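The values are calculated or read from the model by the stated rules, or taken from the named source; none is laboratory data. As the structure is a prediction and not an experimental result, all values here were calculated from the model. Glycine also receives a Cβ, built like all others from the backbone with ideal geometry; neighbour counts cover every protein chain displayed. The protein model used for the area step is the full one, side chains on, heavy atoms only, and it has no ligands, DNA or RNA in it. Shrake-Rupley method; radii C 1.70, N 1.55, O 1.52, S 1.80 Å.
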Amino acid sequence: MTTTRTALVSGANRGIGFEIVRQLARLGVLAVIGARNKDDGLAAAEKLKPEGLDIPVVALDVNSDESPAQAVAEVKRLYGRLDILVNNAAILIDEPGGFNASLFDLKADTMRRTMETNLLGPIRLIQAAAPVMRAEGYGRIVNLSSGAGQLSDMRSGYPAYRMSKTAVNALTRIAASELSGTNIKVNAMCPGWVRTDMGGANADRSPEEGADTAVWLATLPDDGPTGGFFRDRKPIAW
Ligand code: NAP
């Protein structure tokens, strides 16, 4: 008998996270929308009903000290397991100028809020999910990072977001190292530049294309990689 895998995707009420849930569900994974506003999550789930996908929703605000653990506990209570965690929720609030924002205009509050969501959020979720996965002897953790966080290509523009994604890459390596020897794989990925609220209308990729590598990492076989950074299903430089 094959096990039905259960997945929790943060920030899945729109954008790439929504598409990750759709693709996982099409593969037969019991994918759960994590949404900080549950009504937004329910509205997103409604959009998938015409495809025959009945998607559950849990409240999940990654900025909260309590909500990530509560969301993981809720999935475990409802479905008895949590096999896949996709750390997708993030913000890009650098200003003025968005992608052109300068380090010399960076406010401490912008840096703090960015790290709270983009780094502490995934830390909280990994801390909550890993014990459940350890008990099952199976886990796939996918961190949505960005080429903007690559030290090998670091440059100016939206510095808070860039530094938060570099930190997500470090988190990926640390978590993979701590979980080595288990069947819990932790990988980071860059979706490319994707047409979402964050990426904007001029981006060159669809959400479907942006979600593909995350879904691949979320469903890796037991001999798949861990502690890596990927785009288009291929390793990229840190
Ligand atoms: P998006 O369209 O802006 O959607 C972001 C999602 O994160 C929304 O569902 C949002 O929920 C959620 N979120 C934000 N703060 C949250 C919080 N405190 N708790 C829970 N959810 C929260 O972004 P996207 O383009 O889909 O990006 C998804 C991921 O890909 C992010 O990690 C991003 O950094 C990464 N990425 C994107 C691009 C790109 O070109 N789009 C490129 C590289 C990497 P609300 O609706 O409640 O705000």
Point to revise | Cα-projected label distance for E46 with K107, points at 7 Å along beta-carbon direction, nm | key: 3.5 nm
Study note, to complete from the structure: Expressed in nanometres to one decimal, the distance between label points 7 Å along Cα→Cβ at D39 and D232 is 4.2 nm
Practice item. Amide H neighbours of R140 under 5 Å, at least 5 residues apart or on other chains, H built in the peptide plane: list them. Key: I84, L85, K185
Review point. Ignoring ligands, DNA and RNA, what accessible area per residue does region 6-235 give at 1.4 Å, in Å²?
Key: 45 Å²
Exercise for review: With an 8 Å cut-off on Cα pairs and a minimum separation of 6 or more residues, tell me the relative contact order of the chain in percent.
Suggested key: 19 percent
Point to revise | Where Rh is the Kirkwood radius over Cα pairs, Rg/Rh for region 73-191 | key: 1.04
Study note, to complete from the structure: In terms of the charge dipole of the chain, which places +1 on Lys and Arg and -1 on Asp and Glu at the beta carbon, the residue among G227, A44, V62 farthest towards the positive end is G227
**Study point:** Relative contact order %, region 11-141, counting alpha carbon pairs below 8 Å whose residues are six or more apart
**Key:** 23 percent
Review point. Which percent of the accessible area of region 6-235 is formed by carbon and sulfur heavy atoms (probe 1.4 angstrom)?
Key: 50 percent
Practice item. Filter the cross-link list K38/K76; K76/K185; K49/K185 down to pairs whose alpha-carbon distance in this structure exceeds 21 Å. Key: K49/K185
Practice item. Give me the distance between the Cα centres of region 1-79 and region 113-149, rounded to whole Å. Key: 15 Å
Review point. For region 27-143, what mean projected area does the convex hull of the alpha carbons give, in nm²?
Key: 8.8 nm²
Review point. Taking the chain as a Gaussian network, Cα atoms linked when under 10 Å apart, which of G157, G80, G11 shows the biggest mean-square fluctuation?
Key: G80
Review point. So which GluC sites (Glu not before Pro) in region 35-115 end up in coil per DSSP with only 12 or fewer other C-beta atoms within 10 Å?
Key: E66
Review point. Put a dot 7 Å past each Cα toward the Cβ at E95 and R155; how far apart are the dots in nm?
Key: 2.6 nm
Review point. Which lysines does K107 reach when only Cα atoms under 22 Å apart count, and residues fewer than 8 places away in its own chain are ignored?
Key: K165
Study note, to complete from the structure: When the chain is treated as a Gaussian network with springs between alpha carbons less than 10 Å apart, the largest mean-square fluctuation among D83, D204, D212 is found at D204
Practice item. Place a +1 charge on the Cβ of each Lys and Arg in the chain and a -1 charge on the Cβ of each Asp and Glu, then give the dipole magnitude about the Cα centre in debye, rounded to the nearest 20. Key: 320 debye
